[in-house]
Structure formats: structure tokens, C-alpha cells
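A.B. asks: I'd like to ask some things about the structure below.
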Amino acid sequence: MSGDQKTFLKGHSSQYVKLNVGGRLYYTTIGTLTKHDTMLSAMFSGRMEVLTDSEGWILIDRCGNHFGTILNYLRDGTVPLPESHKEIAELLAEAKYYCITELAMSCERALLAHQEPKPICRIPLITSQKEEQLLISSSSKPAVILVVQRQNNKYSYTSTSDDNLLKNIELFDKLSLRFNERILFIKDVIGPSEICCWSFYGHGKKVAEVCCTSIVYATDRKHTKVEFPEARIYEETLQVLLYENRNAPDQELLQATSSVRGAVAAPGMQQYTSDEEEERTSLARLRSNKRNNPT
């Protein structure tokens, strides 16, 4: 603009100056501007040239929204910070520009306090079987799914069932925190008729299952028993890590880590001991009878 000129400003500390900061006008003294060791102190101590217009306003090419806060900090050495994250970030930028170190540090601490904590891991809670399959097929990780439906049962529970159900849920939470970067953990609360069941997937296919519920035939009526096979769940979780790579795991390695003694594991599937297989067969038969005779 015509009439603008550069000059060295010299004057007494009590002398008032007129400032035009990004179109906002301020009056203050040279003493306030030079009170702390900042860029403003250098500008108004006569060591640097300042730009003035034809009316004597000293021009500073910065946003003037927070310059009033800057002046109050120079006057008092402290100032209340804005409440919003955006305004604190804007004030931080101005404090850094004017080299006001203490104010900049206060803004940085306030921004850290305003940050929302990031979750360590996120567990999908599926709403349909289609969604579950989509999550498994689209993930590059192996998957562990816990089906837990306390309400999905018409029989009363044994005395330890509730405790064991909670133990299964707690173990799921612990495993998800430990292996969330390597395994996709999914919780299913609307799944099939299972009350508590772990499923393990590798390369989009189910490779193992640990069902934790069975029906106990008591003298008076049937009861639902919930178990907590902690060791087996740990074993299957570690086993599913073999499917992290795109290539299928080595069959000899699967056999070596299998819980079957003297048996050859089927490709991609975990086999069980004879007692376990008999238990699973009996449980499958009970479920089939339950479906065929709902009453």
C-alpha cells in the first residue's frame, strides 16, 4: 500500500503504540511488548524494522483473533486458555510465532489433556451371520469368535455355570488385548443355539471349535453345564497363529502341535482324543434330539 514504510521504533516503555494485527486494532505500551524475551520484544526495542501505514499503525501480518490473549499474557505472565481444542491449537501457533515459550508449553499441555484416549483394541459385535462371514473373509488375520448367549436356554444352570461363563468372557477379553494385532477377535451375542462356544478360523475357514456347554441329566430335571476349558482355549488360540501367513501352515507342524496322540490331523482341522470325541458326539446327538423334539 502507498504510504507504508519501514522504520526502527524507539521510545519510552510507557509510550503507547497502535497495532494492526491482521485487520484487528490494538493499543498497548512498548513496555508490555518488551516485557518478556520474545519476537515482539525484538521488534519494539529498536533492533528490528517495523512496518507502519500512513496513519501510524504498526502492521503485523498475523491473524489478530488471539493477539489480545498474547498481550494479556505479556502483561500478567499467565492467561486462561480457550476451552475448545481448535482455539487452543490456534493460540499455540501464535505463541510459537512470537516465540513465547511458556505460553506455547501451556497450550501443548492443554491439547494433550483434551485428547481422547485411543482404544487399545476394538472388538466387533456382530449383528448377523452374514456380517460375521464378511468380517472373516475380508480379514487378513486369523479369527477367534466367542458365541455367548446366556439367555438362549430353556434349562436351569448348574451351580458353577454362571461363574464359568464369566471366566470364558474374561479370558476372551484378555486374549483380545494380548493378540489383537495378530488375530481378529469377534464377539457374537445373536448367533446359533450355542450358549458358550469358541470358534477358530484360519484363511477364512473354521479350523477348530471348543464348545463349553453340555446338558446334565439330573434326577429332577435337565441342567445346562458351562465349562471353562482354559488350557484348550489357549492351545487353539496359539494354534490359529499358524495361519497368520498367506501360505497354509506346514502339516508336520500342525501334527506336532496337535493334541492328538498318535493320530494324523486332517488338513486344516484340529482332532481330539477319543474321550473328547465321544463327548462331542454325545453333545451333537443331544442337540439333534433337542431340535427334533423341541417340547
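The values are calculated or read from the model by the stated rules, or taken from the named source; none is laboratory data. In this text the structure is predicted, and so the values were computed from the model without any measurement. We place every Cβ from the backbone using ideal geometry, glycine too, and count neighbours over all the protein chains shown. Just so you know, the surface numbers come from the protein's heavy atoms only, side chains and all, with ligands and any DNA or RNA stripped out. Shrake-Rupley method; radii C 1.70, N 1.55, O 1.52, S 1.80 Å.
A.B. asks: Going residue by residue through the stretch 148-158, is there one that turns out to be among the hydrophobic types (A, V, I, L, M, F, W, C) and touching a helix residue (DSSP H, G or I) at 6+ places or on another chain (Cβ under 7 Å)?
C.D. replies: In the first step, residues of the stretch 148-158 are kept if they are among the hydrophobic types (A, V, I, L, M, F, W, C); the result is 148.
Next cut, touching a helix residue (DSSP H, G or I) at 6+ places or on another chain (Cβ under 7 Å) only: 148.
Yes, some residue in the stretch 148-158 is among the hydrophobic types (A, V, I, L, M, F, W, C) and touching a helix residue (DSSP H, G or I) at 6+ places or on another chain (Cβ under 7 Å).
A.B. asks: Here's a follow-up. From the list Thr219, Thr224, which residue is in the same structural domain as Glu132 (by the TED database) and either modelled with pLDDT of 95 or more or assigned to a strand (DSSP E or B) (or both)? Full working, then the answer.
C.D. replies: On the way: Thr219 fails: either modelled with pLDDT of 95 or more or assigned to a strand (DSSP E or B) (or both).
Of the residues listed, the single one that is in the same structural domain as Glu132 (by the TED database) and either modelled with pLDDT of 95 or more or assigned to a strand (DSSP E or B) (or both) is Thr224.
A.B. asks: For the stretch 158-203, how many residues meet the condition of being free of Cβ contacts under 8 Å to residues at least 60 places away in the same chain, among the aliphatic types (A, V, I, L, M) and open to solvent by 70 Å² or more (accessible area, probe 1.4 Å)?
C.D. replies: Residues in the stretch 158-203 being free of Cβ contacts under 8 Å to residues at least 60 places away in the same chain, among the aliphatic types (A, V, I, L, M) and open to solvent by 70 Å² or more (accessible area, probe 1.4 Å): 2 in total.
A.B. asks: While we're on this one: Out of (1) over 23 Å from Gln129 (Cα atoms); (2) polar (S, T, N, Q); (3) open to solvent by 10 Å² or more (accessible area, probe 1.4 Å), the odd one out for Thr224 is which?
C.D. replies: Of everything listed in (1) over 23 Å from Gln129 (Cα atoms); (2) polar (S, T, N, Q); (3) open to solvent by 10 Å² or more (accessible area, probe 1.4 Å), Thr224 misses just condition (3).
A.B. asks: Out of the residues in the stretch 1-16 that are among the polar types (S, T, N, Q) and out of contact with any helix residue (DSSP H, G or I) (no Cβ under 7 Å at 6 or more places or on another chain), which is least open to solvent (accessible area, probe 1.4 Å)?
C.D. replies: Among them, the one singled out is Thr7.
A.B. asks: Then there's this: Out of (1) under 30 Å from Ala218 (Cα atoms); (2) within 24 Å of the chain's Cα centre (by Cα), the odd one out for Leu184 is which?
C.D. replies: For Leu184, the failing item is (1).
A.B. asks: Determine, yes or no, whether Lys187 is modelled with pLDDT of 90 or more, assigned to a strand (DSSP E or B) and within 12 Å of Ile145 (Cα to Cα).
C.D. replies: yes
A.B. asks: Starting from residues that are among the charged types (D, E, K, R) and in contact (Cβ under 8 Å) with a residue 24 or more places away in the chain, keep the ones in the stretch 85-101 and report whichever is surrounded by the fewest Cβ atoms within 10 Å (Cβ to Cβ).
C.D. replies: Glu90
A.B. asks: Among what's in the stretch 76-110 and is under 25 Å from the mean Cα position of the chain (by Cα) and of a type in the set (A, V, I, L, M), pick the residue that is modelled with the lowest pLDDT.
C.D. replies: So, considering only residues that are under 25 Å from the mean Cα position of the chain (by Cα) and of a type in the set (A, V, I, L, M), the one modelled with the lowest pLDDT is Ala110.
A.B. asks: Ok, one more. Restricting attention to the stretch 143-157, which residues are in contact (Cβ under 8 Å) with a residue 40 or more places away in the chain and of a type in the set (S, T, N, Q)?
C.D. replies: Gln149, Asn152, Asn153, Ser156
A.B. asks: On to the next question. In the stretch 17-46, what residues are surrounded by fewer than 11 Cβ atoms within 10 Å (Cβ to Cβ) and without any contact (Cβ under 8 Å) to a residue 24 or more places away in the chain?
C.D. replies: Scanning the stretch 17-46 gives a single hit, Tyr27.
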